[in-house]
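Structure record follows, encoded as structure tokens.
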Amino acid sequence: MLLIHPLPKKKIKMKKICITICFLFAVQIIAQTEDMVRVTGDSLVGKSINGESIREVYGNVVITQGDILINCNKAIQNINKNNVELTGNVVVKQDSIIIKTPNGFYDGNNKIASSNSGVNLTDGHINLSAKNGYYYFNEKRSSFLGNVILTDALSVLKSNSLSYYDDEDKAFAEGNISVSDTSTTLFTDRLTYFRQTKDSYAKGNIRAYDPKNYFVIFGDSLIDKKSNNYSKIIGNSFLVKIDTSSIAENDTLYIAANSMEAYSDSTELLIASDSVKIVRGDFSSLNDKTYFYRHSGLMKTNKEENSINPPILWSGETQLVGDSVIISLIDKKIDNIDIKNNSSIITVSLDSLNRYDQISGKNIILYFSEGSLAQSKVNENTLTIYYLYEDAEPNGLLKASSENAKIFFEENKVIDVRFYKNAISEYHPENMVIGNEKSFVIPSFKLYDGKPTLNFIYNTFKKYFDQLKEDNQFNVKH
């Protein structure tokens with residue numbers, strides 16, 4: 001009978017400790033092997049400099065570290081520091097990442113490839129180039145400095161510096177940024193860009209140009225969601241829409257607001273909000289929100305809830321007020337203005353005597369000819385007060401009411417009024433009028449301050465006009 005005596009418990013415990021130590025040692029050796037940079041080539045020269053082991057490898061150099069592969073003409077490897085100086089036709093690869101540069105450096109401890117002699121990176125979707133570049137393999141992140149250019153299928157981004165995050169397909173750029181696609185060019189100071197969605201978030205010195213349509217918006221910051229055909233410019237927003245060869249012409253449109261939203265779908269809608277100021281020649285407006293349909297040239301504005309003042313418009317010396325205003329343009333010129341609910345028109349009749357021609361009604365439609373007010377139609381509850389003259393001398397006034405009326409203008413002055421349905425009129429001779437002009441007013445009479453003018457626009461937004469000239473995107477006279 002064969003007897004097998006078990007090992008003492010103490011010996012079994014020691015054996016387990018030895019096995020564990022051997023396993024950990026083996027793992028450490030494997031880890032060190034994976035972290036070490038391996039260099040091969042046609043020839044090798046070894047030397048020691050200041051106690052450090054240096055290898056110089058020439059011809060068909062191949063460098064590997066894990067899944068990182070580097071090719072170049074010459075490599076100087078510091079074995080102690082685990083880094084390599086790369087010279088001549090350097091190509092660095094990892095998965096889909098390909099980096100090319102004339103000369104570079106590879107830090108094996110931190111897995112960072114760098115170059116200050118011009119660098120190019122591609123990943124199958126984008127192409128990045130710059131004077132200097134760093135690629136962080138552990139983070140899958142690249143950093144570029146100097147004349148940075150990022151190109152993808154639809155756009156080109158240029159900047160002073162840029163960081164690109166591969167896993168997120170995200171770029172963060174700073175300094176002298178421009179982003180151009182087939183129709184627009186954006187300039188800004190800082191930009192975050194997502195390649196897959198084409199969404200952008202920008203801040204500082206925003207200028208968004210549409211050169212084909214002579215259209216630009218300025219502002220402080222931008223949210224641009226290409227995936228939703230939506231963008232918004234926030235803070236000191238300013239729009240310039242040029243319709244001629246010179247931005248000083250009367251048919252150039254200026255809109256200033258705190259913010260502007262744009263929809264680049266079939267509506268081509270732009271919404272200006274908060275303290276909106278509009279100027280186009282001698283036409284101007286002050287309101288809370290304006291809807292501008294760029295293709296059709298239609299502009300709409302409504303009295304906002306809890307707003308103190310309704311939309312106010314001026315055409316020359318004529319003031320137009322109503323709860324809702326729709327402006328229609330034909331051939332880039334104002335064709336008509338439709339004022340709905342609580343509508344009124346007040347125009348200077350004789351400024352030296354504080355005399356104002358006045359019209360009120362439920363709905364007023366104004367018609368323009370060659371940019372000047374020519375005629376208006378007043379519907380429902382018409383009330384008018386207009387002053388009469390004989391040989392240019394004041395001759396009293398006519399106060400009238402009716403269901404409807406037509407008023408004819410010449411050089412923005414009332415020259416004829418025609419009343420329809422239940423017309424009632426009364427004449428007040430000059431001796432009863434002079435000195436009593438303030439008593440002859442319609443119930444809704446109010447003169448509003450804050451009329452925007454071209455001088456106001458030029459002076460307030462001078463920095464934008466200077467920038468417009470410097471950018472020279474439109475090739476027009478300033």
Check: Within segment 71-110, can you find the residues that are of a type in the set (D, E, K, R) and assigned to a strand (DSSP E or B)?
Finding: 74, 85, 93, 100, 107
Next item on the list: Please find, within segment 113-124, the residue that is least open to solvent (accessible area, probe 1.4 Å) out of those that are outside any strand (DSSP E or B) and within 16 Å of residue 89 (Cβ to Cβ).
Entry: 118
Check: Quick check: is even one residue across segment 402-415 hydroxyl-bearing (Ser, Thr, Tyr), closer than 30 Å to residue 280 by Cα and part of a strand (DSSP E or B)?
Finding: no
Next item on the list: Could you tell me which of the residues 127, 110 is exposed (fewer than 14 other Cβ atoms within 10 Å of the Cβ) and closer than 27 Å to residue 167 by Cβ?
Entry: 110
Checklist line | Residues located in segment 300-340, provided they are open to solvent by 60 Å² or more (accessible area, probe 1.4 Å) and under 23 Å from residue 243 (Cβ atoms) | finding: 300, 330, 331, 332, 333
Margin query: If I filter segment 355-373 down to residues being at pLDDT below 90 and open to solvent by 10 Å² or more (accessible area, probe 1.4 Å), which single residue comes out as nearest to residue 336 (Cα to Cα)?
Written below: 368
Next item on the list: Quick one: count up the residues across segment 46-95 that are open to solvent by 70 Å² or more (accessible area, probe 1.4 Å) and over 17 Å from residue 138 (Cα atoms).
Entry: 12
Margin query: For a quick check of your reading of the model, give me the residue pairs whose first member lies in segment 267-295 and is among the small types (Gly, Ala, Ser), whose second is in a loop (DSSP other than H, G, I, E, B) and surrounded by fewer than 22 Cβ atoms within 10 Å (Cβ to Cβ), with beta-carbon atoms closer than 7 Å and at least 6 apart or on different chains.
Written below: 281/250; 281/251; 281/371; 284/451; 284/452; 284/453
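The values are calculated or read from the model by the stated rules, or taken from the named source; none is laboratory data. This structure is a prediction, so every number in the text was calculated from the model and none was measured. Using ideal geometry, Cβ is built from the backbone for each residue, glycine included, and neighbour counts are taken over all protein chains shown. Keep in mind that these areas ignore ligands, DNA and RNA; they rest on the heavy atoms of the full protein, side chains included. Shrake-Rupley method; radii C 1.70, N 1.55, O 1.52, S 1.80 Å.
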